[in-house]
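J.: Before I ask anything, here is the structure I am working with.
The values are calculated or read from the model by the stated rules, or taken from the named source; none is laboratory data. In this text the structure is predicted, and so the values were computed from the model without any measurement. So basically every Cβ, Gly included, is an ideal-geometry build from the backbone, and we count neighbours across all protein chains shown. Heavy atoms of the whole protein, side chains included, go into the accessibility calculation; ligands, DNA and RNA do not. Shrake-Rupley method; radii C 1.70, N 1.55, O 1.52, S 1.80 Å.
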Amino acid sequence: MSAPHLPPLSPWQATLALGYDRVEQKTRLAHCLVQAPLKVQRPFYDPGSTQCQTILLHTGGGMVGGDRLRYEITLAANSDVLLTTASAGKIYRSPGQWSQQQVSLQLGPNAAVGWFPQETILFEAAQYDQAFQITLASTARFKGWEIMRLGRTARGETFAQGQWRSRWEVWQAGELIWAERQQLRGSPLLRNCPNALGGYPILGTYLDLSRRFDPDLLTLVRETVQPMIAGRSAQVGFTLTATQGLMGRYRGPSSEQAKAIFSAINHQI
């Protein structure tokens, strides 16, 4: 029998810096600076596509209290990049220190990025702080999602202890077009309250700030989602942001269901 996986004993302090440009009608990874435990797989392309797809790796298996990880990603003009992760992120329990992750995305004119990681799993008593700073040129486009699993539900965890803090800022042409602050403190009350988790372990957010949406397109989005949740225990809603971007929320039992819904919207529109 193999030994169980244990998180590293000392915190990680690491940065992953990626730079993309477009050469001969194809986006390429032109600059890559990695520090353990962060790495990337070799970028790949779907047949006939010029979009550069990159898988981000965390070779340490997960984050412990005191870890400080930063992603600095820059897209030059006309770049087209999809970013995802190889597996779910894991945030281990901590007696007090916070695990911190910062993501900085900077997009030049006509650049486009899709930020579609696997879900993040918050272990019981985890302390996790994350921040996203996204800076877009006036013609740049951002799509992305975030999916959180509160507790290792397969083991019966319910995130009765711990904290999660999340901060998002999206700037375009010098103006703030999206900002959000979230904080959850693990407790049975939070888990069961209908105005909080409502008994569900999965929370998801979808953002599409690549263009302006009109009410007809919003109706199409809602009609696409409805058959995917009919007869199932999940709650999903989509609305427009103040700048006519699209924002969706998921609260339900399954991270795979959340990804399927968000992927359907991403591919249809």
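J.: Check 167, 222, 212 and return the single one that is without any contact (Cβ under 8 Å) to a residue 60 or more places away in the chain and touching a Lys or Arg at 6+ places or on another chain (Cβ under 8 Å).
T.: Just a single option satisfies the conditions, and that option is 167.
J.: Looking only at residues that are open to solvent by 20 Å² or more (accessible area, probe 1.4 Å) and assigned to a strand (DSSP E or B) in segment 54-70, which one is nearest to residue 164 (Cα to Cα)?
T.: Among those residues, the one meeting the criterion is 68.
J.: May I pose another question? Look at segment 9-22 and say how many of its residues are open to solvent by 60 Å² or more (accessible area, probe 1.4 Å) and either part of a strand (DSSP E or B) or of a type in the set (S, T, N, Q) (or both).
T.: Count: 3.
J.: Determine whether residue 48 is of a type in the set (Gly, Ala, Ser) and either touching a Lys or Arg at 6+ places or on another chain (Cβ under 6 Å) or over 26 Å from residue 129 (Cα atoms) (or both).
T.: yes
J.: Can you tell me which residues in segment 33-53 are over 15 Å from residue 101 (Cβ atoms) and either of a type in the set (Ser, Thr, Tyr) or surrounded by 15 or more Cβ atoms within 10 Å (Cβ to Cβ) (or both)?
T.: 34, 39, 40, 43, 45, 49, 50, 51, 52, 53
J.: Which of the residues that make up segment 121-131 are in contact with an Asp or Glu (Cβ under 9 Å, 6 or more places away or on another chain) and surrounded by fewer than 21 Cβ atoms within 10 Å (Cβ to Cβ)?
T.: Within segment 121-131, 124, 131 qualify.
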